[in-house]
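Chemist: Here it is, the structure, as structure tokens.
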Amino acid sequence: MSIDAGTRVSRRAGTVPMHRALPGLLREPAEALAGFAQRSGGEIVRLGLGPFRPYLVTHPDHVQQVMRLEWENYQRVGMFWRPLERLFGHSIMSDGAHWRASRDILQPLFTVRYIATIAEEVADRVADRIQEWDEHVRTGRSLDTTAEMSGLLSHIVNRVLFGDKLGREDGERIIPAFDTVSHSLVSRFLMPFMPYAIRLPGDRACLRGVKQIDDVVFPVVRKAMAEPDDGLDVISMLCRSTDENGDRLTDRQIRDALVGVYAASSETTAMVVTWLWLLLEEHPDVAARLQAEIEEVVGDGPARPEHVPRLRYTRMVLLETMRLYPAGWLLPRHVMQDAEIGGVRVRKGSTVLICPYATQRLEEFWERPREFDPERFAPENGERRHRYAYFPFGGGPHKCLGEHLFHVETPLVVASILSRFRLSVRTPGPFSTSWAASLRPRQRVELGLSFAGRDRSGACR
Ligand code: HEM
């Protein structure tokens, strides 16, 4: 079907009826949304989910309208975002004045210059942590991929956020707490119209998870406020920051900022790396070329920041991984005033679902959309693409703050791991996606490890 994104006559969106929408969404949500989008040829469709009837918006022109051109009319408030307030409070992950104030404070902390100042320490953390996997090679014990990648990425992000103010043990207590919160919100996402007076499965676990996070984060925040220093970590900078009235931030504001950035940064990156191992297992040709680049640039490893600009194929592979598996797979927006998108009238108070997973697989914008082909991201191939056919980091004023950090830390992680180990996926596929804040494999994924090239006990293999 062809797409006429510029149609001016106002009309109603086609609807996917409940009996077709619900089973797919429960089984494999991202894939179901991609299917609805493809069948409508990228036109806007409405999902008939009883009292909840969101619009699915996937055409790149329409995405651009919602995320950039008319972004103020499509806000991160309303029933989809309310459950997240339990976790984030009024932080950068909200909208309106709280979001603006938080963004103004946080944006200068994630510049290219700032990331360059901490890149060496990030590389050290990666190297330290993956050395611990040697034990898995010696014992033959496999790794639980999502757990290990989350542990590794959280170890890095904690350095950026807390410097040396958060001990490793406390840092590790946060990971399962976030996991609990992420999973426990599923019922609220599936039934966003349900009042809070009615308890849903997961509500109690969510509050427990938030309390566990607060028990770790608040004491660190209060100590940092009482003993301010000139550290370059985010918590130290937040303690020195002032709000728009020139007042120092409160412990609650600092806690919300840290928790918001932690949630946005650690699980997202960990899931991209998890999907990467699954894709490499299925594409030995890509794996071999990636390995060859890493051997040439990094040698025996570990990777250092100066290697990153030369890891060009690694970057292409990561970009293609995020095309097929964008961690931020669902970006809901609340319609503030009646409006029109691509000729379809959308009513004030309704929900618009933006789904990078669906857009990035639309046949109208991607050749062989389901094939994993990093060549799409060779520098010479990028120019022809619609800016909003590929947006794993979002777009417009809410665009991801951590994109540059991602492009430094993730090549360091991938190149350090592959210069030390060979990985093999031990769990049989195929793998499907599940309902969670970040796009996760539904199945537990076991990774087998062996040493790359040189046996770390000293002997050559
Ligand atoms: C694979 C890695 C990542 C992906 C795929 C990703 C994706 C995204 C997406 C899609 C958004 C837009 C959300 C929306 O429009 O509602 C976003 C926002 C954000 N991301 Fe990332 N992100 C990643 C890593 C990071 C990292 C490493 C940081 C660390 C600073 C970070 C911090 C943020 C923040 C603070 C926002 C909110 C920005 C705002 O609303 O003003 N992200 N991210």
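Chemist: Are there DSSP H segments in the chain that both extend 30 Å or more along their axis (alpha-carbon positions) and score a mean Kyte-Doolittle hydropathy of at least -0.5? List them, or say none.
Modeler: Helices meeting the span and hydropathy rule in the chain are 203-226, 251-282.
Chemist: Rounded to whole Å and sorted largest first, what semi-axes of the equivalent ellipsoid does the C-alpha gyration tensor of the stretch 358-432 yield via the square root of 5 times each eigenvalue?
Modeler: Working from the Cα gyration tensor, I get semi-axes of 26, 20, 14 Å.
Chemist: Points 7 angstrom from Cα along the Cβ direction at R387 and T139: gap in nanometres?
Modeler: 5.1
Chemist: Something else: Mind ranking 176-189, 382-395 by how tightly packed they are, going by the mean number of other C-beta atoms within 10 angstrom, highest first?
Modeler: 176-189, 382-395
Chemist: Further question: With just the Cα atoms defining each centre, how far is the stretch 143-214 from the stretch 262-321? Give it in Å.
Modeler: Answer, in whole Å: 26.
Chemist: If you add up the charges near V77, with Lys and Arg at +1 and Asp and Glu at -1, over every other residue whose beta carbon is less than 10 angstrom from its beta carbon, what do you get?
Modeler: +1
Chemist: Would you rank L69, L331, L279 by solvent-accessible area, highest first, keeping every protein chain in place and using a 1.4 Å probe?
Modeler: Final ranking, largest accessible area leading: L69, L331, L279.
Chemist: Looking at the stretch 136-231 from every direction and averaging, what is the projected area of its Cα convex hull in nm²?
Modeler: About 9.0 nm², averaged over all directions.
Chemist: Where does each of 110-117, 89-96, 46-53 land if you order them by average Cβ count within 10 Å, highest first?
Modeler: Taking the mean over residues of other Cβ atoms within 10 Å, the ranking is 89-96, 46-53, 110-117.
Chemist: Of the DSSP beta bridges with both residues in the chain, give the percent that are antiparallel, rounding to the nearest 5.
Modeler: 75
Chemist: Could you work out Rg/(2.2 N^0.38 Å) for the stretch 59-113, with Rg from alpha carbons only?
Modeler: Rg over 2.2 N^0.38 Å, computed on Cα atoms: 1.31.
Chemist: Take each of the peptides 257-266, 163-172, average the number of other beta-carbon atoms within 10 Å over its residues, and list them starting from the highest.
Modeler: In decreasing order of mean packing, 257-266, 163-172 become 257-266, 163-172.
Chemist: Moving on. List every residue whose amide H lies under 5 Å from the amide H of F421, counting only residues 5 or more places away in sequence or on a different chain, with H placed 1.01 Å from N in the peptide plane.
Modeler: HN-HN under 5 Å from F421: A452.
Chemist: Quick one: length gained pulling T117 to R370 fully straight, 0.36 nm per residue minus the C-alpha distance?
Modeler: 87.2 nm
Chemist: Expressed as a fraction of 2.2 N^0.38 Å, the rule-of-thumb size for a compact globular protein of N residues, what is the C-alpha radius of gyration of the stretch 197-296?
Modeler: Scaled against compact globular proteins, the figure is 1.62.
Chemist: In whole Å and largest first, what semi-axes does the C-alpha gyration tensor of the chain yield when each eigenvalue is scaled by 5 and square-rooted?
Modeler: Each semi-axis is √(5λ); the values are 35, 29, 21 Å.
Chemist: Sticking with this structure for a sec: Using the 2.2 N^0.38 Å rule of thumb for compact globular proteins, work out how the stretch 1-120 stacks up: its C-alpha Rg over that value, please.
Modeler: So the Cα radius of gyration is 1.36 times the expected 2.2 N^0.38 Å.
Chemist: Could you size up the charge dipole of the chain around its Cα centre, putting +1 on the beta carbon of Lys and Arg and -1 on that of Asp and Glu, and report it in debye to the nearest 20?
Modeler: About 1580 debye.
Chemist: Quick check: residue separation of K399 and R173 times 0.36 nm, minus the Cα distance between them. What number comes out in nm?
Modeler: 78.5 nm
The values are calculated or read from the model by the stated rules, or taken from the named source; none is laboratory data. Owing to the predicted nature of the structure, the values given are computational and were not obtained by experimental measurement. Note that each Cβ is placed from the backbone with ideal geometry, even for glycine, and that neighbours are counted across all protein chains shown. For the accessible areas, the whole protein counts, side chains as well, though only heavy atoms, and no ligand, DNA or RNA atoms are used. Shrake-Rupley method; radii C 1.70, N 1.55, O 1.52, S 1.80 Å.
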